[in-house]
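Input: a single structure, listed below in structure tokens.
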Amino acid sequence: MDLSVVFAGTAGSVPTARRGLPAVLLRAGGTRLLFDCGEGTQQQLMRSTGLVDLDAIFITHYHLDHWLGLVGMLKTFDLRDRDSRLPIYGPPGLGALFATLRPIVGRLGYPLELVELDPHDEIEFDDFAVTAFAVDHRVTAYGYAWTEPDRPGRFDAEAALRLGVQPGPDFGRLQAGETVGGVQPEEVLGAPRRGRRIVLSGDTAPCQAIEVFAHGADVLVHEATFMEDERARARETAHSTARQAAEIAAAAEVGLLVLTHLSTRYFPRDVRAEARAVFDRTVVARDFDEVVVPFPERGAPELVSAPREPAPETPSDAG
């Protein structure tokens, strides 16, 4: 299953000429999940992946910059004659938010399912699951962990033949975990291959829950609203510095740290340098960048940078 993360919006609180408000599209095989939907997200998607028919939306918290793009996107789906159910997940308060929005959104021609999650609730899909966990922000806020189950080990066809198993359906039965003619699956299968894991912090001060859920993750997407020169301000507003995000990534032994939710105060290269002093495998996402996450045995996660545009107008726009 192909797996990638596309950054539709990487700004923190305030959009810039090059950075939209928070939105991350996770593509897992044919499934499309959107995490947060800041103002202008549908336009950002049109400029990058196209406005795909989403399978689910996950909101981290209800500060305006993380959900305001929902209204326009939901209406666009309606105008495109969408008819499939669209679930939206979020912390408690989702129903109250949409009760307020109902006069604006109006009637939709497709079922909209609002699901308020508790910490550690798990949403199961066909080939993976998404788990919500509480983070430390000024309001109730969640991070999300996308996880894939472990896969069976590699099948040793030569070993199966030596043990008298004939090619064909019996090979498939062994790979499915069945015993065939007295041959046990563990005799012909290698060690299980671990599933992939992607963790998104949302807006948060440093907290242990992220380290726990991100332990051994292939990718950790973590906010970096501030740098160490504004550590006190980060604490006051329940955000993180780039160094703090890197410390979590190092403790969790993740494969790649991707920093986002950038302030206009800083140049990305400075944010990246602060984090890399602690955790070298750090990148700073720009709008429309994509992180490709192969199976672990096929390589490490890789940042595919979007084409660069003309000179930036603010520090956070720079590469």
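The table below gives the values:
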item	result
Local electrostatic count, Glu297, Cβ distance below 9 Å [Lys/Arg +1, Asp/Glu -1]	+3
DSSP-defined beta bridges in the chain - what % are antiparallel, rounded to 5	60 percent
Under the Karplus curve 6.51 cos²θ - 1.76 cosθ + 1.60, θ = phi - 60°, whole-Hz ³J(HN,Hα) for segment 104-119, x wherever Gly or Pro sits	7, 5, x, 7, 10, x, 9, x, 10, 10, 9, 10, 8, 9, 9, x
Vicinal HN-Hα couplings computed from phi for segment 236-243 (Karplus, 6.51 cos²θ - 1.76 cosθ + 1.60; Hz; Gly/Pro x)	4, 9, 6, 10, 10, 8, 4, 5
Options Thr16, Ser305, Leu34, ranked by Cα towards positive dipole end of the chain, top entry (Cβ charges)	Thr16
Distance histogram in 10 Å bins (all Cα pairs of segment 6-53, percent per bin)	30, 56, 13, 1
Magnitude of the charge dipole, the chain, Cβ model with Lys/Arg +1 and Asp/Glu -1, debye to 20	680 debye
From phi via Karplus (6.51, -1.76, 1.60), per-residue ³J(HN,Hα) for segment 93-102 in Hz, x at Gly/Pro	x, 5, x, 5, 4, 6, 5, 5, 7, 3
Positive-end residue, segment 70-215 charge dipole about Cα centroid, Cβ charges, pick of Ile210, Gly72, Thr131	Gly72
Alpha-carbon centroids, segment 155-220 and segment 226-248: separation in whole Å	37 Å
Summed side-chain charge close to Cys207 - residues other than Cys207 whose Cβ falls under 14 Å, Lys, Arg +1, Asp, Glu -1	-3
Radius of gyration, Dmax [the chain; alpha carbons; angstrom]	21.5, 70
Student exercise, segment 148-198 dipole from Lys, Arg, Asp, Glu Cβ charges, in Debye to nearest 20	320 debye
Prolate/oblate/rounded label for segment 64-193 (Cα gyration tensor, a/c 1.5)	prolate
Segment 205-319 - percent of accessible surface contributed by carbon and sulfur, probe 1.4 Å	48 percent
The chain: calculated mean residue ellipticity at 222 nm from DSSP helix runs of at least 4, using -39500 (n - 2.57)	-6500 deg cm²/dmol
Taking the chain and dividing mean pair separation by its residue count, relative contact order in percent (alpha carbons under 8 Å, at least six apart)	16 percent
Average accessible surface area per residue within the chain, 1.4 Å rolling probe, Å²	44 Å²
Around Glu228: net Lys/Arg minus Asp/Glu count, Cβ-Cβ under 10 Å	-1
Folded to 0 to 90 degrees: helix 70-79 orientation relative to the chain principal axis, Cα	70 degrees
Approximate spin-label separation Leu114-Asp126, in nm, with each point projected 7 Å along Cα-to-Cβ	3.0 nm
More than 26 Å apart - percent of Cα-Cα pairs taken over segment 174-302	32 percent
Area accessible to solvent at Ile104, 1.4 Å probe radius, in Å²	110 Å²
Shape category assigned to segment 11-134 from the gyration tensor of Cα positions, a/c cut at 1.5	rounded
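The values are calculated or read from the model by the stated rules, or taken from the named source; none is laboratory data. Given the structure is predicted, the values throughout are model-derived calculations rather than measurements. FYI the Cβ positions are ideal-geometry reconstructions off the backbone, even for glycines, and counts take in every protein chain you see. In case anyone asks, the SASA skips ligands and DNA or RNA and just uses the protein heavy atoms, side chains included. Shrake-Rupley method; radii C 1.70, N 1.55, O 1.52, S 1.80 Å.
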